[in-house]
Amino acid sequence: MCGIVGFTGKRQAAPILLDGLAKLEYRGYDSAGMAVSDENGKTEVVKAKGRLRALEEKTDNGLAVKGCCGIGHTRWATHGEPSEENAHPHVSDDMSVVAVHNGIIENYQEIKEKLRKKNYSFYSQTDTEAIVKLIDYYYKKYNAGPVDAIAKAMVRVRGSYALAVMFKDYPGEIYAARKDSPMIIGTENGESYLASDVPAILKHTRNVYYIGNLEMARLSPEGVEFYNIDGDIIEKKYVEIIWDAEAAEKGGFAHFMLKEIHEQPKAVADTLASAVKDGRIDLSSVGLTDEDMKGIGQIIIVACGSSYHVGMAAQYVIEDLAHIPVRVELASEFRYRTNLLKDNDLVVFISQSGETADTLAALRAVKEQGINTLAIVNVVGSSIAREADNVFYTLAGPEIAVATTKAYSTQLIVSYLLAVQLAMVRGEIDEERYSSLIAELMSLPEKMQKLLENKERIQWFAAKFANAKDIFFIGRGIDYAICLEGSLKLKEISYIHSEAYAAGELKHGTISLIEEGTLVVGVLTQKELFEKTISNMVEVKSRGAYLMGLTTYGHYSLEDTADFTVYVPQTDEHFAPSLAVIPLQLMSYYVSVAKGLDPDKPRNLAKSVTVE
């Protein structure tokens, strides 16, 4: 989950590295560091604990570190506490090899013990130091060059890694290797770049290469060469990134999260436009044919975090519209279970980054069984996108804030499109209903925009409950899926204990937690379930709860029960999550800000979970 960057060219490297790390700080912010070498291979390493600004201050914004070739790292701690000693880059004993690493080396203790017998010493608690010194060992023992040394180390280690390595004997060059952790490489006008994610290099180049599993690369100002694990040169085609570079900037907003909340109408509109042509849903670019959809026996949705919550909402929509059984599975559990899949099942994997470790591992396990797979991802060329049989890309653009908003919303849209098309192809809805649903989908961006124009009441309410200790979200049916996401948003950026419950489960234990003044948020967008959820809200209110109600216009009876009510525009009830989630996102954001926290970088979290 760490962020890595690299640059080699004719310009000074340090300012470029710092700029790239700033774009990747959402991947980790426990510490940061860089290594920069001059034309003679002399390398200076600078590291600092804490946010990136500490490294910026230490290097005078990069001006104090000279050299045109360098690598940088922003850390999310896995092995060893956040400290300057454990920060990357890590170096060999004589500084002849220096590297940064994203991933986890599972057998690092074993490697350390064997290297100690070869007179290597270790100064950190990290797994990364072990692989750096293992590369150094093979480099010196076989004297066969960087590619061979790295390849031998790759065979020896177990785990995941995206490595960027510099050798003192090869000034101006960076060597890269990858297994299961994300890495992209770009070139432009006599300069070469590498990074964990697109935003770090987007301002410099749009032509990027995706390095494959167990592949290596050599970066120099002249360009990039790629190698397989045997050291043979391989050819790769570049991909042109179409994201707007300004989308990775704050654009006048106080935080990326607030900016990305406001970008949701456009992201949803773009995603809809990619699949709706002349008033009909066209999934030809996804690779799913009508015959494929007619033959599906069951759908299994596999995801983590907010993507899992999308799956929960999709389950209600697909089952109700298309009458196909749907299971929703946490990727971290699914991959370790005996899964009894059938040949006509479709397994759907949802991931913003396309690199989520558990989801990727689950995908590979399903593919080994020969079951058809569909990926819903935001990052073109990501591992999950490349390995799935079919891909439906969301068009959210770069999402920088750790707490997802616009990626979640575009994933919802994709799930609606799939549900509506499945229902039509399988004869569960007629042309009139089909056209009506599509028209309602196309109206969502405008309704989302109207919600964003009236956020002041949410801001006031959030400030009122910024010091709450416990907050509960309750709902039934698809409203429960909305509650799951609302609760997660709140807890991850405000650190308030928050839980979501199916409202009917309150009497089975949870209601004992209600105290005087406890905030309970009731979500009520489903007409048939409205009165039942109202009853549950009355139950908690009689025990002292303060009630916030979230519903659609027309359900005014809620004001007789709730202490504070928020309304969202009416839409088809299947699509209610797209509107109802926005006030909950805003509430979470404003609670975080009222507490003086940074909603973009919540403690202990990183944007992409690329390790187990």
Could you look through the range 317-333, keep only residues that are over 17 Å from Ile429 (Cβ atoms) and part of a helix (DSSP H, G or I), and pick out the one that is most open to solvent (accessible area, probe 1.4 Å)?
-> Glu333
Some residue of the range 465-485 being surrounded by 21 or more Cβ atoms within 10 Å (Cβ to Cβ), of a type in the set (A, V, I, L, M) and outside any helix (DSSP H, G or I) = yes
Would it be correct to say that Ala267 is part of a helix (DSSP H, G or I), of a type outside the set (S, T, N, Q) and open to solvent by 10 Å² or more (accessible area, probe 1.4 Å)?
-> no
Of the listed residues (Glu56, Glu84), the one being surrounded by 15 or more Cβ atoms within 10 Å (Cβ to Cβ) and under 22 Å from Asp197 (Cβ atoms) is Glu56
Within the range 571-590, identify whether any single residue is in a strand (DSSP E or B) and either over 15 Å from Glu531 (Cβ atoms) or open to solvent by less than 10 Å² (accessible area, probe 1.4 Å) (or both), and answer yes or no.
-> no
Selection count where residues are among the basic types (Lys, Arg) and modelled with pLDDT of 95 or more, scope the range 573-611 = 0
Among Gly62, Gly33, Gly70, Gly103, which is open to solvent by less than 20 Å² (accessible area, probe 1.4 Å), in a strand (DSSP E or B) and at pLDDT below 90?
-> Gly103
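Yes or no: the range 168-181 includes at least one residue that is among the aromatic types (Phe, Trp, Tyr), in a loop (DSSP other than H, G, I, E, B) and surrounded by fewer than 22 Cβ atoms within 10 Å (Cβ to Cβ).
Within the range 168-181, one or more residues are among the aromatic types (Phe, Trp, Tyr), in a loop (DSSP other than H, G, I, E, B) and surrounded by fewer than 22 Cβ atoms within 10 Å (Cβ to Cβ).
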Examine the range 349-365 for a residue that is touching a residue at least 40 places away in the same chain (Cβ under 8 Å) and more than 21 Å from the chain's Cα centre (by Cα), and state whether such a residue exists.
-> no
Does the range 522-532 contain at least one residue that is over 27 Å from Glu319 (Cβ atoms) and in contact with an Asp or Glu (Cβ under 7 Å, 6 or more places away or on another chain)?
-> no
Among the residues of the range 518-540, write down those that are of a type outside the set (A, V, I, L, M) and open to solvent by 40 Å² or more (accessible area, probe 1.4 Å).
-> Lys527, Glu528, Glu531, Lys532, Ser535, Glu539
Considering only the range 115-148, state which residues are touching a residue at least 24 places away in the same chain (Cβ under 8 Å), under 33 Å from the mean Cα position of the chain (by Cα) and open to solvent by less than 10 Å² (accessible area, probe 1.4 Å).
-> Thr126, Asp127, Thr128, Glu129, Ala130, Ile131, Val132, Lys133, Ile135, Pro146
Options Lys58, Lys112; residue that is under 23 Å from Asp598 (Cβ atoms), of a type in the set (D, E, K, R) and free of Cβ contacts under 8 Å to residues at least 24 places away in the same chain | Lys58
Residues (under 24 Å from Pro577 (Cα atoms) and open to solvent by 40 Å² or more (accessible area, probe 1.4 Å)) located in the range 280-300 | Arg280, Asp282, Gln298
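The values are calculated or read from the model by the stated rules, or taken from the named source; none is laboratory data. Model, not experiment: these values are computed from the prediction. As a convention, Cβ positions derive from the backbone with ideal geometry for all residues, glycine included, and neighbour counts pool all protein chains shown. Each accessible area value is taken on the protein alone, full model and side chains, heavy atoms only, with ligands, DNA and RNA left out. Shrake-Rupley method; radii C 1.70, N 1.55, O 1.52, S 1.80 Å.
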